[in-house]
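Data first, discussion second: the structure below is written as structure tokens.
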Amino acid sequence: MAATLDMTRYRGRQVQSRIALGLACAATSVGLFVLGTILLTLLWNGLSALHPTILTQMTPAPGSKGGLLNAIAGTIAMTTVGVALGTPVGILAGTWIAEYSRGSVLAQMVQFVNDILLSAPSIIVGLFVYELMVVPMGHFSAWAGSVALAILVVPVVLRTTVDMLGLVPSALREAAAALGTPKWRTVTMVCYRAAMQGMLTGIMLAVARVSGETAPLLFTALNNQFWSTNMNAPMANLPVVIFQFALSPYEDWQHLAWGGAILITFTILTLNILARFLATLSSLKQ
Amino acid sequence: MTVTDSATISAASSARKTALTLRGPQKLFDLLFGGSTIFFAALVLLILGGVVFSLVSGSRLAFSTFGTDFIFSQFWNPVTSKFGARAPIYGTLMTSFIAMLFGVPISFGIAVFLTEVCPPVLKRPLSVAIELLAGIPSIIYGIWGLFFLAPFMQSYVEPYLTSTLGAVPGLGILFSGPPLGIGILTAGIILAIMIIPFISSIMREVFETVPVMLKESAYGIGCTTWEVMWNIVLPYTRVGVIGGVMLGLGRAMGETMAVTFVIGNSHRIASSLLAPGQTISSTLANEFTEATEDLYTSSLIALGLILFVITFIVLSFAKVMLIRANRQAGN
Amino acid sequence: MNMITTKLFGVLAVGAISVASIGSAQAIDISGAGATFPYPIYSKWAENYKKITGVGLNYQSIGSGGGVKQIKAKTVDFGATDAPLTGSELSSAGLTQFPMVIGGIVPVVNIPGIASGQLKLTGPILADIYLGKVTTWKDPEIAAVNPGLALPDLSIAPIYRSDGSGTTYNFTYYLAAVKPEWKDTVGVNKSVDFPVGLGGKGNEGVAAFTSRTAGSIGYVEFAYALQNNLPFALMQNKDGNFVAPNSAAFQAAASGADWASIPGFGLILANQAGPTVWPMTAATFILMYKQQDKPDVAKAALSFFDYALTKGQQDALKLDYVPLPDALVQQIEASWKSITAADGSQIWK
């Protein structure tokens, strides 16, 4: 009697589990469906713009032939500098919280403040850097744009670093300590290595987030119609070009905007795959 | 491992450290590394301090002119220079709430699917595909929302909602009015889509850190897959999961461009979710570039400050929840 | 991991330094920012001008409000705005202002069964629609000016620009000029508190909502309406004639106007008199300092504007803008004599 009751209850739990997993499948399909429609919209509108000249020519005026070379170069330069500035700050600050602070009030404060920074609208960050750099310097510059992007990178990287280091089993640290390993080596060689996949995800999310941001660049790096590699002057960048071109009346500009969006999306995809590949490769080596 | 064990180990290791007296360079590196971590942690505080300072000094004029009316009044009239933040505050809270309502369960479902159900061959491509959603520039979401989601909502979803939920007493008022396709609900849904990759990739990442032994033991005593997820994995990873949710919420509240295209940009609060509205970020994106008068600019910056305060309150709330959850878990 | 990060940062750092160091070789000569409406034509002129002279002029659209703020903050060499500054604003900031090019604002409609250019509207009707007083296309006020046109019994959905824009400024300026009630209740600005309707982001947003909603009416820039074949309505001008929006009608508005009457040529071409005038015409303006810290940059900028106002006229027409009348160009270039270097010497001779 009791056994059959248990069996029915067990079957009930099995059904519950099946339903829940079915819903999980449904959720994934919804996600993939949405992704599919967005990508289709993107390809539908942008494929015709993906001519080789998009990579070799400068942003044109309406009615002229051209590409997005200056904007692509500018975006690469500013995103690289922004990520290079922001990632170490995020990782090291996150390391302090996870490894050194022992849950002190200051650590909780930093983490809290970081969460607030996460949701700061990017336009506010842009305005802050405008006041901080553009006004004193007297002109817009790619440096200012990079700093604005870096400020957006920090909270994402910090948050994931703290979370991922928190998941590294403390036994690992203790084992390292028992061997007399200095703390900095424990953190860099043991903890970072264990948390690498997760931290890379964080950096990738940060790159993904900043590479499409228009608002923080509009008031800092401005944009540039021409080729410029001067980090101390206005620099062309894809998000602002996409924004200006997509909302213009002219069809050739609109096409270029869609082409630019495809470039950003698929560059992120490539970077993502590459980062994961590198991570797997290095973990295989050990 | 028991408490005494780890205490002995750490005591032993610190004893060893002093006994070995780390050689010069190693000690220096340790100091440098530790020092640089705290330096950068302090830098994060400084950045926020700077942002808040510039917001406070920028918004002083608006608050001194309107006082608390600025928060509660619904007027937003650049011609007469009368500004109030009630409609954008309501819109920000409502759209973020809708985004979380849809975004969190779907992200959780995706993470569960990818860690527990998905065949290993598909795991990598599918997770990359979902993360790809995070790489699409937000203006593309906006244009997609304008040309795809809004017509879809207008022709199918909203008429259906009006005819079903709209008839329910009390609840009906949220789903009344003509189906415009744009409005608070559509904006919330677009935000949900935008935060899914953030939340789901973090969740997937932390789910995978759960020690296999824990899960195996649960399966061993007869737990179903779902029970393992819900009772073992989720509690084990709750801090990381909440972190991911916060990441998503942050993005939802701060998103500008995509929302601007589909929210309808009205500074009046309507009872219906199908009606146009306004969020703090969309107001900033719409009007900041064109504002010249000092009071107008100051009011917009004040909106930004209010968003910071809202975030502060929401995060404090989340923190309290987390502490309570920890206490229940017995830690 | 450590190796990879070290290498990665190494590469990033080297990349950053090399990018920075190539930098200084070439510099942008002139930079300007502001209004969105003239951005396409300024970029066309800049492209051609660079080919001829090698001088690069980088203009970026950050909004008229941004243009005014940036020139005041001295982060750019010139600003651009769709809403002209008043004489007192100009003199208190030490700025000079002149128009560059003209465009128009067009009402676009979506009424099933009615083709582009069939519907006729007057200024007061347009104002009543956006005030929420005329709510259906069968309204007798509309029928009175459209005899013989079968208007449907459909409610009107007014669409407006949600983002602050010079287009909205000129549109509301016109409505205020023809309907005192508009001036008293709503007013004139780059964004106003519209009593009814739905806000679309940019021309794009207005066009999308209009084309999707039967019975809707919106307003967009002429170039946008033309390039995207949006169905427009005819407008009654001050002389009582119904006209279609086209370059000739905008030009008529500009040539009849008395530009010198307002300091900084800050004239808004709403509701100008003349038989063929389009009533919602508008110019866009440049802002520069009267006293220049960098006279060589200022001189290069003025040479560029001279090129744009004279040789650049064909380019403007090709992109559906309207060049300024010759007499006005002469007045503008004469006004440049007031721009001086720090020592008081004239920059433009």
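The values are calculated or read from the model by the stated rules, or taken from the named source; none is laboratory data. Quantities reported herein were computed from a predicted structural model and do not represent experimental measurements. For neighbour counting, all protein chains shown are included, and Cβ atoms are generated from backbone atoms with ideal geometry for every residue, glycine included. SASA here: full protein model, heavy atoms, side chains in, ligands and nucleic acids out. Shrake-Rupley method; radii C 1.70, N 1.55, O 1.52, S 1.80 Å.
For segment A:233-274, a residue qualifies if it is among the small types (Gly, Ala, Ser) and over 30 Å from A:Met133 (Cβ atoms), and exactly one does: A:Gly259.
Residues that are open to solvent by less than 20 Å² (accessible area, probe 1.4 Å), within 13 Å of chain B (Cβ to nearest Cβ) and not in a helix (DSSP H, G or I) are absent from segment A:76-95 altogether. Residue pairs whose Cβ atoms lie under 6 Å apart, sitting 6 or more positions apart in sequence or on different chains, and linking a residue in segment B:233-253 that is more than 7 Å from chain A (Cβ to nearest Cβ) and open to solvent by 20 Å² or more (accessible area, probe 1.4 Å) to a partner that is outside any helix (DSSP H, G or I) and not hydroxyl-bearing (Ser, Thr, Tyr), are B:Tyr236/B:Val210.
The condition of being open to solvent by 20 Å² or more (accessible area, probe 1.4 Å) and closer than 28 Å to C:Val76 by Cα holds for only one of C:Ser261, C:Ser335, that being C:Ser335.
For segment A:32-41, the criterion of being more than 30 Å from C:Asp320 (Cβ to Cβ), in a helix (DSSP H, G or I), open to solvent by 40 Å² or more (accessible area, probe 1.4 Å) and facing chain B (nearest Cβ under 7 Å) is met by at least one residue. Screening B:Gly142 against (1) modelled with pLDDT of 90 or more; (2) crowded, with 18+ Cβ neighbours inside 10 Å; (3) more than 7 Å from every other protein chain (Cβ to nearest Cβ) leaves a single unmet condition, (1). Within segment B:272-314, the set of residues being more than 10 Å from chain C (Cβ to nearest Cβ), in a helix (DSSP H, G or I), open to solvent by 10 Å² or more (accessible area, probe 1.4 Å) and in contact (Cβ under 8 Å) with a residue 40 or more places away in the chain comprises B:Asp294, B:Leu295, B:Ile301, B:Leu305, B:Ile306, B:Phe308, B:Ile310, B:Val314.
The residues of segment C:136-149 that are without any contact (Cβ under 8 Å) to a residue 60 or more places away in the chain and either buried (at least 23 other Cβ atoms within 10 Å of the Cβ) or in a loop (DSSP other than H, G, I, E, B) (or both), listed by number, are C:Lys138, C:Asp139, C:Asn146, C:Pro147, C:Gly148, C:Leu149.
Yes/no matrix, rows are residues, columns are (1) open to solvent by 10 Å² or more (accessible area, probe 1.4 Å); (2) within 14 Å of chain B (Cβ to nearest Cβ):
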site: C:Ile52; (1), (2): yes, no
site: C:Leu57; (1), (2): no, no
site: C:Ala80; (1), (2): no, yes
site: C:Thr96; (1), (2): yes, no
site: C:Pro99; (1), (2): no, no
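Residues that are at pLDDT below 90, within 12 Å of chain B (Cβ to nearest Cβ), assigned to a helix (DSSP H, G or I) and open to solvent by less than 10 Å² (accessible area, probe 1.4 Å): does segment C:150-166 have at least one? Checked segment C:150-166: at least one residue is at pLDDT below 90, within 12 Å of chain B (Cβ to nearest Cβ), assigned to a helix (DSSP H, G or I) and open to solvent by less than 10 Å² (accessible area, probe 1.4 Å). Restricting segment A:207-239 to residues that are among the β-branched types (Val, Ile, Thr) and more than 12 Å from chain B (Cβ to nearest Cβ) leaves a set whose member that is farthest from A:Gly86 (Cα to Cα) is A:Thr229.
Only residues that are farther than 27 Å from A:Asn272 by Cα and within 14 Å of chain B (Cβ to nearest Cβ) were counted in segment A:246-255, giving 4. Of the residues screened, C:Ala115 is one that is surrounded by fewer than 22 Cβ atoms within 10 Å (Cβ to Cβ) and either aromatic (Phe, Trp, Tyr) or modelled with pLDDT under 95 (or both).
Pairs meeting the criteria (first residue in segment B:198-224 and more than 11 Å from chain A (Cβ to nearest Cβ) and at positive phi, second residue modelled with pLDDT of 85 or more and open to solvent by 10 Å² or more (accessible area, probe 1.4 Å), beta carbons under 7 Å, at least 6 apart or on different chains) are lacking. The residues of segment A:193-203 that are open to solvent by 20 Å² or more (accessible area, probe 1.4 Å), within 19 Å of the chain's Cα centre (by Cα) and at pLDDT 85 or above, listed by number, are A:Leu200, A:Ile203. Of all residues in segment C:198-220, those that are open to solvent by 10 Å² or more (accessible area, probe 1.4 Å) and over 24 Å from B:Tyr141 (Cα atoms) total 1. Inside segment C:238-269, residues that are within 16 Å of C:Gly103 (Cα to Cα) and either of a type in the set (Gly, Ala, Ser) or part of a loop (DSSP other than H, G, I, E, B) (or both) make up a count of 16.
Scanning segment C:59-90 for residues that are closer than 19 Å to B:Thr297 by Cα and aliphatic (A, V, I, L, M) returns C:Ile62, C:Val68, C:Ile71, C:Ala73, C:Ala80, C:Ala83, C:Leu85. Restricting segment A:212-237 to residues that are open to solvent by 10 Å² or more (accessible area, probe 1.4 Å) and part of a helix (DSSP H, G or I), the residue that is nearest to B:Glu255 (Cα to Cα) is A:Ala215.
Can you find a residue in segment A:140-148 that is among the hydrophobic types (A, V, I, L, M, F, W, C), away from chain B (no Cβ under 11 Å) and part of a loop (DSSP other than H, G, I, E, B)? Yes: segment A:140-148 contains one or more residues that are among the hydrophobic types (A, V, I, L, M, F, W, C), away from chain B (no Cβ under 11 Å) and part of a loop (DSSP other than H, G, I, E, B). Filtering segment B:91-121 to residues that are assigned to a helix (DSSP H, G or I), more than 10 Å from chain A (Cβ to nearest Cβ) and open to solvent by 20 Å² or more (accessible area, probe 1.4 Å) leaves B:Leu93, B:Met94, B:Phe97, B:Met100, B:Leu101, B:Val104, B:Pro120, B:Val121.
Only residues that are open to solvent by 20 Å² or more (accessible area, probe 1.4 Å) and in contact (Cβ under 8 Å) with a residue 60 or more places away in the chain were counted in segment C:304-314, giving 1. The set of residues from segment B:159-186 being hydrophobic (A, V, I, L, M, F, W, C) and within 14 Å of chain C (Cβ to nearest Cβ) comprises B:Leu180, B:Ile182, B:Ile184.
If you go through segment A:125-134 and keep only what is within 11 Å of chain B (Cβ to nearest Cβ) and open to solvent by 10 Å² or more (accessible area, probe 1.4 Å), you end up with A:Leu127, A:Phe128, A:Tyr130, A:Glu131, A:Leu132.
Take A:Trp184 and tell me if it is open to solvent by 10 Å² or more (accessible area, probe 1.4 Å) and at the interface with chain B (Cβ under 9 Å from one of its Cβ atoms). Spelling it out, A:Trp184 is indeed open to solvent by 10 Å² or more (accessible area, probe 1.4 Å) and at the interface with chain B (Cβ under 9 Å from one of its Cβ atoms). A count restricted to segment B:64-81 and to residues that are open to solvent by 60 Å² or more (accessible area, probe 1.4 Å) and at positive phi stands at 0. In this structure, is A:Ala26 of a type in the set (Gly, Ala, Ser) and within 30 Å of B:Thr224 (Cβ to Cβ)? Considered against the rule, which asks whether it is of a type in the set (Gly, Ala, Ser) and within 30 Å of B:Thr224 (Cβ to Cβ), A:Ala26 comes out as yes.
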